Every structure is written in structure tokens, then in C-alpha cells.
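Trainee: Pasting a structure here, questions to come.
The values are calculated or read from the model by the stated rules, or taken from the named source; none is laboratory data. This is a predicted model, so every value here is computed, not measured. Note that each Cβ is placed from the backbone with ideal geometry, even for glycine, and that neighbours are counted across all protein chains shown.
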Ligand SMILES: Cc1cc2nc3c(=O)[nH]c(=O)nc-3n(C[C@H](O)[C@H](O)[C@H](O)COP(=O)(O)OP(=O)(O)OC[C@H]3O[C@@H](n4cnc5c(N)ncnc54)[C@H](O)[C@@H]3O)c2cc1C
């Protein structure tokens with residue numbers, strides 16, 4: 001068996017690590033000049049999005065032998081709508097760094113594998129398929145899945161983010177769901193340390209947003225964060241992504257091709273979380289290749305999470321700032337703590353179950 005992994009990101013490296021543990025050495029093809037050679041940004045692993053898993057970092061090490069050091073635990077989350085705010089306190093998840101940084105998750109994964117990585121790769125999927133018995137597609141987007149008609153595209157998002165300097169509580173993550181600032185979208189502040197944070201705005205490319213200028217909304221968001229934090233927050237780095245695809249493939253495996261990470265559809269369309277599912281998808285593809293499981297079957301819970309998140313995304317598109325204010329108001333206190341901290345409840349699953357008939361009627365959710 002000769003395995004090619006296309007992409008040295010979270011899912012591709014997790015796949016390689018797991019294959020190696022089981023005595024198989026794949027070959028990785030990465031188009032960039034090194035692992036994580038892209039903009040730096042802060043990301044988060046939120047327990048609420050990975051239920052029934054209670055603690056992503058512990059689960060990755062205990063269940064899958066993948067060891068990741070986050071930047072910090074998240075002990076407080078501040079959620080803002082136009083006129084309301086909710087503060088949730090307790091262990092909520094972790095923050096971590098991505099991209100061109102020694103401690104980025106992809107760099108940490110790279111250090112756990114001995115697999116050869118061919119950088120600057122220009123090999124196409126078709127070339128790899130002709131040279132290897134199996135190909136793991138781990139390129140971080142749905143492009144190949146789409147090209148091979150194995151993809152249902154549900155959404156694309158325009159994202160703009162920056163690293164800012166200031167004074168931050170590294171245990172606190174902030175999120176804004178205010179449609180005056182990000183219509184049908186969301187904004188985050190994720191600290192890297194006490195002195196640096198990442199701020200990001202994400203705007204879905206909906207017909208309602210066709211006249212919206214991401215850079216103008218960014219300016220409003222940036223000013224708003226500065227005035228809310230009463231700090232100047234000079235920008236030291238910036239990035240912008242247009243039409244970041246979110247969708248899911250129809251089959252996780254076709255012949256000897258495995259669709260992992262965002263190729264599969266691990267990016268939750270609700271608030272854009274996908275790291276944990278991407279890593280696990282790489283592990284599951286390796287299990288199948290080692291004869292330890294069936295990839296399609298193993299991916300069923302992650303497929304369900306994606307579909308649940310899509311229902312929530314469609315519900316979000318039906319809301320106005322008034323509705324968002326009501327939700328954020330109700331999350332401040334008992335309900336917020338119950339939903340975010342009571343580990344036996346999967347709020348995304350429950351909300352999706354309750355909202356599905358309404359959303360099916362309104363917008364059409366395909367499964
Ligand atoms: C701005 C932003 C913020 C995010 N925030 C969060 C968050 O807070 N929490 C969270 O859980 N998720 C977040 N996500 C989602 C998360 O980052 C992704 O779900 C996850 O990285 C996907 O992993 P992957 O393995 O599919 O792809 P990646 O980790 O992106 O890796 C793909 C790799 O494939 C390489 N590649 C691409 N094309 C080719 C090719 N043709 N040949 C060879 N190599 C190729 C790339 O260079 C890259 O190294 C965010 C995403 C973005 C864009």
C-alpha cells in the first residue's frame with residue numbers, strides 16, 4: 001500500500017501520525033514551502049461545539065495519541081449583540097495559534113511525524129492517484145470534492161482579520177453577533193497572550209450581503225473593539241480571505257480516495273469551527289487504511305454535527321438584531337451556564353432538532 005497525503009495541515013498531519021503509529025509510512029505533498037506557511041491567526045476549540053467530547057485536548061491525547069499544547073484555557077466568554085451582553089464563566093475550551101508560528105497547531109503536529117513532506121508540490125490529485133495506491137485529500141478546502149461532484153456547497157464566507165497589540169486577559173474570548181457590524185455573520189477576539197490578540201470578522205456571501213463591503217465593515221468593527229476595550233490596538237499583521245467554502249462531501253471515501261478535513265466538510269457553517277473535527281477525520285482515515293475501522297461509518301457523527309450546525313446557520317439568517325438581543329440576554333446567567341457548561345447537554349444537537357422543521361419550511365435544508 002502506497003499512500004499519498006495531499007496537504008500538510010491539521011487533517012493531513014494527523015493522518016500521517018496515526019498511520020506511522022500503525023507501521024505505515026505515507027508521503028505528504030504540501031504546496032507551500034513549509035508547514036503553516038501562511039498568516040498567523042488565533043483560533044479556539046470550544047467544548048460546546050464538540051459534544052459529547054468534553055475536552056478536545058485531553059480527548060486527542062487519550063483517545064488518539066495526538067498531543068497538542070493550546071495557548072490557554074478559556075475561562076470566560078463575553079458575547080455581545082447590538083444591545084445586550086452575556087458573560088459565561090467556567091472551563092469553556094482552549095485558544096491556540098495557527099500559521100507561521102513555532103507553537104502553531106500544524107507545527108506541533110509536524111514535530112510528531114517522521115513522514116517525508118515534499119514542499120512546493122505542484123502534483124495534482126490525478127497525478128498522485130496514478131502514482132500511489134491511495135490518496136488522502138487534505139488540502140483544506142472543498143475544491144477537489146467540488147470538482148469531482150462529491151460536494152454540497154452550503155455557504156461561502158469573506159473573512160478579514162488582524163493581529164493587534166494591547167492588554168488582554170488571555171483566558172477571555174469575546175464574540176460579537178451584531179448584524180449592523182457583521183450582517184448574518186460574527187466577529188471574534190481571541191488573545192494569543194496578555195499583549196497580543198487576533199480580531200476577526202466573518203461575513204457570509206449571501207444575496208442579502210451583495211452590496212456589503214467587508215473592508216468598510218472591518219473599519220467599523222475595529223473602531224468598535226478599540227472603543228469597547230478603551231485601547232488603541234495597533235495592527236501588526238493582517239489577512240483577508242474571500243469566498244471561504246463551507247460544504248460537505250457526499251461520500252467520505254470514493255474508491256481509494258479519502259476526503260479529510262475541510263475536503264470532507266469539517267468546518268461548521270454556524271460559527272466556523274473545524275479544527276477538532278479536521279484532526280479526528282485524519283485519524284479516522286488512517287484507521288480505515290490500517291484496517292481498524294470504516295471511514296464512512298466513523299465519520300457519521302461528524303457529518304451529523306455539520307448538518308446540525310447548518311440548521312443553526314440557516315436559523316441565524318432568519319434573525320434580526322432584536323432576536324439576537326433576546327438570545328444573548330437569555331444566555332446571561334442560568335441558561336448560558338447550563339448550555340455552555342453542562343457537559344451532558346449537546347445544545348447544537350437539541351437546537352437543530354427543534355429548529356429543523358421551521359428551517360426546512362423557510363429555506364430548505366437538504367438532510
Ligand atoms: C480565519 C479562520 C479562522 C478559523 N477559526 C477557527 C476556530 O477558531 N476554531 C476552529 O475550530 N476552527 C477554525 N477555523 C477552521 C479551521 O482552521 C479548519 O477547519 C482547519 O484548519 C481545516 O483543517 P484541514 O486539515 O482541512 O486544512 P488545513 O489545516 O488548512 O491544511 C491544508 C493544507 O493543505 C495545503 N494545500 C492546499 N492545497 C494544496 C495542494 N493543491 N497540494 C498540496 N497541498 C495543498 C495547504 O497549504 C495546507 O497546508 C478557522 C478557519 C479560518 C480560515
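Trainee: Run down 104, 58 and say which single residue is free of Cβ contacts under 8 Å to residues at least 24 places away in the same chain and within 16 Å of residue 279 (Cβ to Cβ).
Mentor: Of the residues listed, the single one that is free of Cβ contacts under 8 Å to residues at least 24 places away in the same chain and within 16 Å of residue 279 (Cβ to Cβ) is 58.
Trainee: From the list 76, 100, pick out the single residue that is assigned to a loop (DSSP other than H, G, I, E, B) and more than 25 Å from residue 301 (Cβ to Cβ).
Mentor: Criteria check complete, one pass: 100.
Trainee: Is there a residue being at pLDDT 95 or above and in a strand (DSSP E or B) anywhere in segment 204-221?
Mentor: yes
Trainee: Further question: Can you pull out the residues in segment 127-151 that are more than 11 Å from the ligand (Cβ to nearest atom), modelled with pLDDT of 95 or more and not in a strand (DSSP E or B)?
Mentor: Within segment 127-151, 129, 130, 131, 132, 133, 150 qualify.
Trainee: Also: Return yes when residue 264 is surrounded by fewer than 24 Cβ atoms within 10 Å (Cβ to Cβ) and under 18 Å from the mean Cα position of the chain (by Cα) and no when it is not.
Mentor: no
Trainee: Would you pick out the residues in segment 2-53 that are modelled with pLDDT under 95 and more than 12 Å from the ligand (Cβ to nearest atom)?
Mentor: Those that are modelled with pLDDT under 95 and more than 12 Å from the ligand (Cβ to nearest atom): 51, 52, 53.
Trainee: Which one is surrounded by the most Cβ atoms within 10 Å (Cβ to Cβ), of the residues in segment 152-175 that are over 17 Å from the mean Cα position of the chain (by Cα) and part of a strand (DSSP E or B)?
Mentor: Going through the qualifying residues, I end up with 164.
Trainee: Right, next: Residue 57 fails exactly one of the following numbered conditions: (1) under 19 Å from the mean Cα position of the chain (by Cα); (2) over 28 Å from residue 304 (Cα atoms). What is the number of that condition?
Mentor: Result: residue 57 fails condition (2) only.
Trainee: Would you say residue 282 is within 8 Å of the ligand (Cβ to nearest atom) and crowded, with 24+ Cβ neighbours inside 10 Å?
Mentor: So residue 282 passes the test.
Trainee: Quick one: is residue 288 assigned to a helix (DSSP H, G or I) and away from the ligand (no atom under 16 Å from the Cβ)?
Mentor: On the way: assigned to a helix (DSSP H, G or I): yes; away from the ligand (no atom under 16 Å from the Cβ): yes.
Judged against the criteria, residue 288 is a match.
Trainee: So, one more: Would you be able to tell me the number of residues in segment 176-195 that are more than 18 Å from the chain's Cα centre (by Cα) and within 16 Å of the ligand (Cβ to nearest atom)?
Mentor: Applying the first criterion (more than 18 Å from the chain's Cα centre (by Cα)) to segment 176-195 yields 178-183, 193-195.
Add one more test, that the residue is within 16 Å of the ligand (Cβ to nearest atom), and what stays is 182.
Residues in segment 176-195 being more than 18 Å from the chain's Cα centre (by Cα) and within 16 Å of the ligand (Cβ to nearest atom): 1 in total.
Trainee: Next question. Go over the candidates 323, 336 one by one and state the one that is assigned to a helix (DSSP H, G or I) and more than 23 Å from the chain's Cα centre (by Cα).
Mentor: The unique qualifying residue is 323.
Trainee: Residues of segment 254-264 being in contact (Cβ under 8 Å) with a residue 12 or more places away in the chain and either out of contact with any strand residue (DSSP E or B) (no Cβ under 7 Å at 6 or more places or on another chain) or within 10 Å of the ligand (Cβ to nearest atom) (or both), which ones?
Mentor: At the first step, the residues of segment 254-264 found to be in contact (Cβ under 8 Å) with a residue 12 or more places away in the chain are 254, 256-264.
Within segment 254-264, 254, 259, 260, 261, 262, 263, 264 qualify.
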